[in-house]
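Q: Handing you this structure, nothing more for now.
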């Protein structure tokens, strides 16, 4: 459940950044990564050995970060197509 909220927060955050349009891609990636690290802290458990903890956390961060960046890229592409369609229709 916390993963769902984390992904929703990352998506809304990335959409807000995309709307601003002034951020560099690596800044966006760094912010998404930081949000993923924060949301994956809930998956870490003291019952696992340290070797498992690192793998679980890195897998979670990679999964959430890549999903958020993939969704951001899809939304940016749709915005670009929408913008292009509007520009073409007004000519």
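The values are calculated or read from the model by the stated rules, or taken from the named source; none is laboratory data. What you see is a predicted model, and the numbers here were worked out from it, not measured in a lab. Reconstructed Cβ throughout: ideal geometry from the backbone, glycine too, with neighbour counts over all protein chains shown.
Q: Which pairs turn up if I take residues in the stretch 18-43 that are within 23 Å of residue 83 (Cβ to Cβ) and look for partners that are part of a loop (DSSP other than H, G, I, E, B) and modelled with pLDDT of 70 or more with beta carbon separation below 6 Å, at least 6 apart in sequence or on another chain?
A: Going by the 6 Å Cβ cut-off, there are no qualifying pairs.
Q: In the chain, which helices (runs of 4 or more DSSP H) lie fully inside it and hold 1 or more residues that are touching a helix residue (DSSP H, G or I) at 6+ places or on another chain (Cβ under 8 Å), surrounded by 13 or more Cβ atoms within 10 Å (Cβ to Cβ) and modelled with pLDDT of 85 or more?
A: Details: elements: 2-20, 25-40, 50-90.
By residue number, 25-40, 50-90.
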